[in-house]
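Note sheet for the following structure.
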Amino acid sequence: MMTEVMLVEGVTDIQLISYYLQNVYGWKYEKNNNLGIVPLDEHDHIESLSKGENQLVLCGVGGNGRFAHFVEQHRISSMIVERDITSLMVVTDRDEDSIGKVARRIRGSLEGITIQVGDWAENKITDSFGQEKCMNTYLLIIPAEKAGALENVIIDALKDIPEETALIEEVIQFIESLKAEIVPELVQTNKADKAKVGTFFSVRDPKNAMRSFGAFIAKIDWAKSESLKDLFLPFKSLGEEKECNTQA
Amino acid sequence: MASIKLIEINGLRGIKKLTVSDLSKINLIVGDNNSGKTTFLEAIQLLFAESQLSSVKNVINQRTVLNLHDNSFYTSFIKMFNVEQDNKLLDFDIYAESNKGQIVFEMKGREKVVSGDDALQISTMSSRQKATYKKSSAILPETVKVFSGSIISQNGKKPIEKEIQFTSLDTTVTGPVIKKKVYYIPSFGHLRFDLLQNIVDNPEYKKLAISILKQFDDSIVDICYTKADDGSFLESVITENGVIMPFSVYGDGIKKILYIMNKLFEASDSILLIDEIETGLHKKYYESLFPVVFALAKKLNVQLFIATHSMEAIDAILKYGEYEEKTNDNDPIKVITLKKVNTENGKGSNVVARNVTGKYVYENRKAFEFEVRL
């Protein structure tokens, strides 16, 4: 039995990743997790999935500036030492930063843990009984190839789902047309991307227009997106035995 | 009297090698069944045992507190040695660092098989006992096991080594009565009574005991010895209506509390070991009883080692640390979890320990399902 933990930024990340894991990789929703992680404040969002005997705990930390806070509040470092956690994956937005800067920020939040961008890293952990064990870590930065955030990933995914391509292209043009005079705020790429995603779903599913992103998620067949498939490929390893050698 | 800071156990029962350091005034010993908790408590008692077989027997017999028969001493004795020892020399040793210096207890020897007649010669039985044995046993066993070895103890002074030899025929091992230096409360010890000895003649202590008993039964106004019809003395309760009730009619909770308080007083300036503190106690009394026990232990300068299976008991004990209110750098509570693990070469097992502060356990339990007991 394996227990894995994924730290992500917020609720939207959890909703998309959870949907994807359930519909593409066969994970199932669980009410509770065996680590006993529960939200400690209004920013935390916890969701648990299982696949066979294995469990994956998705933790929304409440924004990219709150990884360190979440790790401290939930005593993730102690949890890694005291519980059998086979892997820890961190998924974070790249935003306007370089890959290196994002990686440094995440490493700073996970004291004593080795984590690599785009690759599994083996960590030798000595538990408090003095026994050695191994934990794999993975840092997934989205999008990997360019600046941006989850919204950018969603837009790219919609573009390559044949049934959604026409609408997303129209929405992109519409939002771009507003930049110049009507809504100058949309000059900022991240805000324009949020507007594109919000507008797309409002038009795509008008009866849920006033609801949260979670209500739209199931309307799209995300499995058809090749870009999302590539980006989320590391999720394939979740729930599977990964090589982890505790020998020095 | 010493309080111990570090203990090292080698080859005792299931413990091949175990070191636990940074011991505190209140030490919780937790772990799964068969993880070595009782062995750990026995090791502490053996540290303070004299170099004589009767001292060792007292420790062994605590495992069979309710067993009136005494015919398995040899087997119980041999089982004290780790069964996975490679050579024929049976050996275990316990070492401790205390505020009074080093303490060592070692027992070693060999087992051999001799004829029944030879065994009777070697036996620790008196001539009279031997004669009785011959009479009562229809057949003298053809072969009998004999243990020959020595006990070495050192407590501050020079080590004392004493040769020992006894056979599997020997059911009684006697020796001089020696004042105890460490006190032990077995999980069902309160069923043997001996509840009031140190309480009734100490007005202040008695008042405290009665105030705690009132939580169980508000009508209790006094505790004392009363004379039964046959002239024997009964440990009794007097109610507000003047009714005298022997403790035998009361539930385990009251007896357990008095038993702990009685032993606590006896263990002044010493060490008290409590096995399965929760036995006989309802969890609703934990939070009122444990702070009293700890406050008394502090006042009487008693180092506590408390073995427990109960998470409710652990949580109640941790409340004594007041970790929400205090930034306590000098945490009085240590939580020592024992765990049986397979040895690295895959042959056999050993016991390992996690020794963390009460605060560490408290904070982890708040944040996630921290497995204290495993």
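Determine, yes or no, whether A:Leu158 is part of a strand (DSSP E or B) and surrounded by 14 or more Cβ atoms within 10 Å (Cβ to Cβ).
no
Any residue at all in segment B:345-357 that is of a type in the set (S, T, N, Q), over 20 Å from B:Asn33 (Cβ atoms) and more than 9 Å from every other protein chain (Cβ to nearest Cβ)?
Yes: segment B:345-357 contains one or more residues that are of a type in the set (S, T, N, Q), over 20 Å from B:Asn33 (Cβ atoms) and more than 9 Å from every other protein chain (Cβ to nearest Cβ).
Count, please, the residues in segment B:268-321 that happen to be at positive phi and modelled with pLDDT under 90. Working first, answer last.
Keep residues of segment B:268-321 that are at positive phi, which gives B:269, B:276, B:280, B:301.
Remaining after also requiring modelled with pLDDT under 90: B:280.
Going through segment B:268-321 one residue at a time, the tally reaches 1.
Condition first: in a loop (DSSP other than H, G, I, E, B) and crowded, with 17+ Cβ neighbours inside 10 Å. Now tell me which residues in segment B:316-350 satisfy that.
Let us first name the residues in segment B:316-350 that are in a loop (DSSP other than H, G, I, E, B), namely B:320-332, B:343-348.
Correct list: B:Tyr320, B:Gly321, B:Tyr323, B:Asp331, B:Pro332.
Would you confirm, using the coordinates I've provided, whether B:Arg365 is touching a Gly at 6+ places or on another chain (Cβ under 8 Å), within 14 Å of another protein chain (Cβ to nearest Cβ), among the charged types (D, E, K, R) and touching a residue at least 12 places away in the same chain (Cβ under 8 Å)? Give the steps one after another, and end with the answer.
On the way: touching a Gly at 6+ places or on another chain (Cβ under 8 Å): no; within 14 Å of another protein chain (Cβ to nearest Cβ): yes; among the charged types (D, E, K, R): yes; touching a residue at least 12 places away in the same chain (Cβ under 8 Å): yes.
No, not satisfied.
Of everything in segment A:116-139 that's out of contact with any Lys or Arg (no Cβ under 6 Å at 6 or more places or on another chain) and among the hydroxyl-bearing types (Ser, Thr, Tyr), which residue is surrounded by the fewest Cβ atoms within 10 Å (Cβ to Cβ)?
So, considering only residues that are out of contact with any Lys or Arg (no Cβ under 6 Å at 6 or more places or on another chain) and among the hydroxyl-bearing types (Ser, Thr, Tyr), the one surrounded by the fewest Cβ atoms within 10 Å (Cβ to Cβ) is A:Thr126.
Could you list, in sequence order, the residues of segment A:33-75 that are closer than 18 Å to B:Asn364 by Cα and basic (Lys, Arg)?
Matches in segment A:33-75: A:Arg75 only.
Within segment A:177-189, does at least one residue satisfy the condition of being at pLDDT below 90 and under 22 Å from the mean Cα position of the chain (by Cα)?
Yes, because at least one residue in segment A:177-189 is at pLDDT below 90 and under 22 Å from the mean Cα position of the chain (by Cα).
Taking A:Lys146 as the residue in question, decide whether it is within 14 Å of chain B (Cβ to nearest Cβ) and outside any helix (DSSP H, G or I).
Against the criterion (within 14 Å of chain B (Cβ to nearest Cβ) and outside any helix (DSSP H, G or I)), A:Lys146 does not qualify.
Kindly list the number of the only condition in (1) more than 21 Å from the chain's Cα centre (by Cα); (2) within 14 Å of B:Arg373 (Cα to Cα); (3) not in a strand (DSSP E or B) that fails for B:Ala313.
Evaluating B:Ala313 over (1) more than 21 Å from the chain's Cα centre (by Cα); (2) within 14 Å of B:Arg373 (Cα to Cα); (3) not in a strand (DSSP E or B) leaves (1) as the failure.
Residues in segment B:30-52: is at least one among the acidic types (Asp, Glu), part of a helix (DSSP H, G or I) and either more than 13 Å from B:Ser98 (Cβ to Cβ) or in the same structural domain as B:Asp331 (by TED's automatic domain parsing) (or both)? If you could, list the steps in order and put the result at the bottom.
From segment B:30-52, those among the acidic types (Asp, Glu) are B:32, B:42, B:50; that's our starting set.
Within this subset, residues satisfying the condition of being part of a helix (DSSP H, G or I) are B:42.
If we keep only those that are either more than 13 Å from B:Ser98 (Cβ to Cβ) or in the same structural domain as B:Asp331 (by TED's automatic domain parsing) (or both) as well, we get B:42.
Yes: one or more hits.
Is segment B:294-309 home to any residue that is more than 14 Å from chain A (Cβ to nearest Cβ), farther than 29 Å from B:Gln62 by Cα and not aromatic (Phe, Trp, Tyr)?
No: segment B:294-309 contains no residue that is more than 14 Å from chain A (Cβ to nearest Cβ), farther than 29 Å from B:Gln62 by Cα and not aromatic (Phe, Trp, Tyr).
Any residue in segment B:229-248 that is in contact with a Pro (Cβ under 7 Å, 6 or more places away or on another chain) and either assigned to a loop (DSSP other than H, G, I, E, B) or within 27 Å of B:Ile4 (Cα to Cα) (or both)?
no
For residues that are under 19 Å from B:Tyr205 (Cα atoms) and not in a strand (DSSP E or B), tally how many sit in segment B:263-277.
8
Tell me which of these B:Asn355 doesn't satisfy, since it passes every other one: (1) out of contact with any Ser or Thr (no Cβ under 8 Å at 6 or more places or on another chain); (2) part of a strand (DSSP E or B).
Unmet condition: (1).
Condition check ((1) more than 19 Å from the chain's Cα centre (by Cα); (2) not hydrophobic (A, V, I, L, M, F, W, C)) across all residues:
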position: B:Ile277; (1), (2): no, no
position: B:Val293; (1), (2): no, no
position: B:Asn301; (1), (2): no, yes
position: B:Val341; (1), (2): yes, no
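What residue, among those in segment A:61-87 that are crowded, with 17+ Cβ neighbours inside 10 Å and small (Gly, Ala, Ser), is nearest to the other protein chains (Cβ to nearest Cβ)?
A:Ser78
Tally up the residues in segment A:35-60 that are within 14 Å of chain B (Cβ to nearest Cβ) and at negative phi, please. Spell out how you get there, then give the answer.
First, the residues of segment A:35-60 that are within 14 Å of chain B (Cβ to nearest Cβ): A:35-41, A:44, A:46, A:48, A:55, A:57, A:59.
From the residues that got through so far, the ones that are at negative phi too are A:35, A:37-41, A:44, A:46, A:48, A:55, A:57, A:59.
Count: 12.
Determine the pairs where a residue that is under 13 Å from A:Val71 (Cα atoms), located within segment A:103-114, has a partner that is in a helix (DSSP H, G or I) and among the aliphatic types (A, V, I, L, M) with Cβ atoms under 7 Å apart, the partner being 6 or more residues away or on another chain.
A:Gly108/A:Ala68; A:Ser109/A:Ala68; A:Ser109/A:Val71; A:Leu110/A:Val71
Name the residues in segment B:10-29 that are in a strand (DSSP E or B) and over 10 Å from B:Ala353 (Cβ atoms), would you?
Of everything in segment B:10-29, those that are in a strand (DSSP E or B) and over 10 Å from B:Ala353 (Cβ atoms) turn out to be B:Asn10, B:Gly11, B:Leu12, B:Lys16, B:Lys17, B:Ile26, B:Asn27, B:Leu28.
I'd like the full set of residues that are in contact (Cβ under 8 Å) with a residue 24 or more places away in the chain and within 17 Å of B:Phe368 (Cβ to Cβ), limited to segment A:17-32.
A:Glu30 - this is the single residue of segment A:17-32 that is in contact (Cβ under 8 Å) with a residue 24 or more places away in the chain and within 17 Å of B:Phe368 (Cβ to Cβ).
B:Phe73 is checked against (1) crowded, with 19+ Cβ neighbours inside 10 Å; (2) at pLDDT 90 or above and fails just one. What number does that condition carry?
(2)
Hey, could you check segment A:210-231 for residues that are touching an Asp or Glu at 6+ places or on another chain (Cβ under 6 Å) and assigned to a loop (DSSP other than H, G, I, E, B) and say which is surrounded by the most Cβ atoms within 10 Å (Cβ to Cβ)?
Going through the qualifying residues, I end up with A:Ser225.
Regarding A:Ile154, is this residue under 25 Å from A:Val91 (Cβ atoms) and touching a residue at least 60 places away in the same chain (Cβ under 8 Å)?
On the way: under 25 Å from A:Val91 (Cβ atoms): yes; touching a residue at least 60 places away in the same chain (Cβ under 8 Å): yes.
Spelling it out, A:Ile154 is indeed under 25 Å from A:Val91 (Cβ atoms) and touching a residue at least 60 places away in the same chain (Cβ under 8 Å).
For the condition of a type in the set (Ser, Thr, Tyr) and within 14 Å of chain A (Cβ to nearest Cβ), what is the one hit in B:Tyr320, B:Tyr360?
B:Tyr360
The values are calculated or read from the model by the stated rules, or taken from the named source; none is laboratory data. Fair warning: this is a prediction, and the values are worked out from it, not measured in the lab. No Cβ is skipped: glycine too gets one built from the backbone with ideal geometry, and neighbour counts run over all protein chains shown.
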